[in-house]
Amino acid sequence: MTVADTPQTRRLDAERVGRPDIRALLAVLSAASQLQMRGQADLRRMDSPLKIHEFDALVAVAVHGPLRPSELTRKASLAPNPTTASSILARLEKRGLVKREPHPEVGGGVIIEATEAGIEMLEFLFPEVERKVISWFGGHFSDEELVSLAEKLERI
C-alpha cells in the first residue's frame, strides 16, 4: 500500500481547537497533568508515604479544615467522585494523618480534620515541595504573573 492508497485520517478542525476557551481548557488540563506527574515523581524521590492526591487532600484539610467531604473535593484536586474522595480519606485516616468527626450541625454528616501527625508530615515534606514548585514555575513566570494566574484559575 502506498501513501496515496492510505485512507485519509479524519481530524478535528484546528480552528475550533484554537478558540481561546478551548485552547485555555486544553492548556490547563495539560499543565495539571504534567504537574501531577512531576509531583508524584518528586514525592516518590522524597520517600514520601503520600501520593500526590493524598498530599493535596491533606494540605486542603490542614489549610481549610475542618471540611465536609464534599468541600474537600472542591478545595483539593480530587474528582468529585465520592468513592475517590472516600478512599483517599480512608488511607489518610489509616495513617493517622486526618480524623473524621461527627458534624456538629448535620446529623449523620462528618467533618475531616488534620491530626498533629498530619501537620507534622506536611511540615516535613513542605520544604522540598516548595523547592520543587519554585523550580517548576520560577523559570517561566514572575511572582506577579503567578498571582494573576492563580486569581484567574480560582474564578473557575
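Just a few scattered comments:
- Filtered residues of the stretch 92-111 (kept if in contact with a strand residue (DSSP E or B) (Cβ under 8 Å, 6 or more places away or on another chain) and of a type in the set (Asp, Glu)): Glu93, Glu101
- Taking the stretch 11-33 as the range and being without any contact (Cβ under 8 Å) to a residue 60 or more places away in the chain and either among the charged types (D, E, K, R) or in contact with a helix residue (DSSP H, G or I) (Cβ under 9 Å, 6 or more places away or on another chain) (or both) as the test, the residues that pass are Arg11, Asp13, Glu15, Arg16, Val17, Arg19, Asp21, Ile22, Arg23, Leu26.
- Residue list for the stretch 112-141, filter: farther than 22 Å from Arg45 by Cα and at pLDDT 90 or above: Ile112, Glu113, Ala114, Thr115, Glu116
- Matching entry among Glu54, Glu154 (being acidic (Asp, Glu), closer than 21 Å to Ser33 by Cβ and open to solvent by less than 40 Å² (accessible area, probe 1.4 Å)): Glu54
- Among the residues of the stretch 63-117, those that are crowded, with 16+ Cβ neighbours inside 10 Å, among the aliphatic types (A, V, I, L, M) and under 17 Å from the mean Cα position of the chain (by Cα) comprise Leu67, Leu72, Ala76, Leu78, Ala85, Ile88, Leu89, Leu92.
The values are calculated or read from the model by the stated rules, or taken from the named source; none is laboratory data. Values in this document were obtained by computation on a predicted structure and should not be read as measured data. As a convention, Cβ positions derive from the backbone with ideal geometry for all residues, glycine included, and neighbour counts pool all protein chains shown. What goes into the accessible areas is simple: the full protein's heavy atoms, side chains included, and nothing from ligands, DNA or RNA. Shrake-Rupley method; radii C 1.70, N 1.55, O 1.52, S 1.80 Å.
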